[in-house]
1. For residue 88, only one of the following conditions fails: (1) touching a residue at least 12 places away in the same chain (Cβ under 8 Å); (2) among the basic types (Lys, Arg); (3) farther than 28 Å from residue 211 by Cα; (4) in the same structural domain as residue 213 (by TED's automatic domain parsing). What is its number?
2. In this structure, is residue 74 assigned to a helix (DSSP H, G or I) and closer than 21 Å to residue 195 by Cβ?
3. Quick one: residue 173 ticks every box in (1) acidic (Asp, Glu); (2) within 18 Å of the chain's Cα centre (by Cα); (3) modelled with pLDDT under 95 bar one, so which box is it?
4. Anything in region 69-91 that is of a type outside the set (Lys, Arg), surrounded by fewer than 18 Cβ atoms within 10 Å (Cβ to Cβ) and closer than 18 Å to residue 133 by Cβ? List them, or say none.
5. Please find, within region 91-125, the residue that is farthest from residue 204 (Cα to Cα) out of those that are in a loop (DSSP other than H, G, I, E, B) and touching a residue at least 24 places away in the same chain (Cβ under 8 Å).
6. Within region 40-57, track down each residue that is touching a Lys or Arg at 6+ places or on another chain (Cβ under 9 Å), assigned to a helix (DSSP H, G or I) and closer than 19 Å to residue 119 by Cβ.
7. Being outside any loop (DSSP other than H, G, I, E, B) and β-branched (Val, Ile, Thr) is the filter; apply it to region 5-27 and report the residue that is nearest to residue 66 (Cα to Cα).
8. Only one of 38, 55 is more than 18 Å from residue 99 (Cα to Cα), surrounded by 14 or more Cβ atoms within 10 Å (Cβ to Cβ) and without any contact (Cβ under 8 Å) to a residue 24 or more places away in the chain. Can you tell me which?
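The values are calculated or read from the model by the stated rules, or taken from the named source; none is laboratory data. Here the structure is a predicted model, which means the values were calculated and not measured. When we count neighbours, we look across all protein chains shown, and the Cβ atoms used for this are built from the backbone with ideal geometry, even at glycine.
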Amino acid sequence: MPKIVDHDARRAELAAALWRVVGRAGVAGATVRAVADEAGWSMGALRHYFASQGELLRFAMDTLLQDVPPRLAAHLAADLEPRERARRLLLELVPVDEERRIEAIVWLALLERSRTDPSLAEPREIAWLGERHICRLVVAELLDLPAPASPQDRFEDESSGERGAQAAGSSTERGARATGPAGIAPSPEEEAEALHTFVDGITLQATTWPGEWTPAAMRASAERQLDSVLQRAGR
């Protein structure tokens, strides 16, 4: 009888080995040979699945895109206060632990390699849209708004009447909410954009200068971002 190979199990084993190598040596150190050694496989066996480091990177990114949605779904389904749910969602995008640190390293490597490798354009786009969608979910939780249904959707624009009424409010109200022209608070879409910019910035800094960004410091910075959204909305 021919031996039956569980390819899904073997790919999961490879994913775990790849993650361990990236955690120790970064993406540059995650060569086909290094991952084969980590998994206890021969080079020939690994090349049956991945012929190059570029294919390994694509596999790492695909693994990331599969792993994150269930974590988000668990936060959305949990019985949590909106602020706590928003905090947990935002921290999924911040490298506050080893798992998210490795995910951040893979994400930054994909961004760099995608500049010259067209095959990585699709996962790059999916990941970027996914990050923005999570930021929109955070804003929706904080401001008690309906969340956009999919990563391709934006918040519905505020009507000109609502924005105008906000601008015409009392000076005290405008002082509490003013962050833009004519004292108008940012729209939900603008708040999501600002959170996304925060995530990208702290991800780059924390993976480049980890000594300056401890998990506690990153968590505190994320809390301040959430507080700022609430403050600008007068909550």
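1. Failed condition: (3).
2. yes
3. Unmet for residue 173, out of (1) acidic (Asp, Glu); (2) within 18 Å of the chain's Cα centre (by Cα); (3) modelled with pLDDT under 95: (2).
4. 69, 70, 72, 73, 74, 76, 77, 82
5. If we filter region 91-125 for residues that are in a loop (DSSP other than H, G, I, E, B), which is where we start, we get 92-97, 114-117.
This time we only want the ones that are touching a residue at least 24 places away in the same chain (Cβ under 8 Å), so: 92-97, 117.
Values: 92: 15, 93: 12, 94: 10, 95: 10, 96: 13, 97: 15, 117: 21 Å.
So, considering only residues that are in a loop (DSSP other than H, G, I, E, B) and touching a residue at least 24 places away in the same chain (Cβ under 8 Å), the one farthest from residue 204 (Cα to Cα) is 117.
6. Across region 40-57, the qualifying residues are 54, 57.
7. My answer is 22.
8. Only one candidate qualifies: 55.
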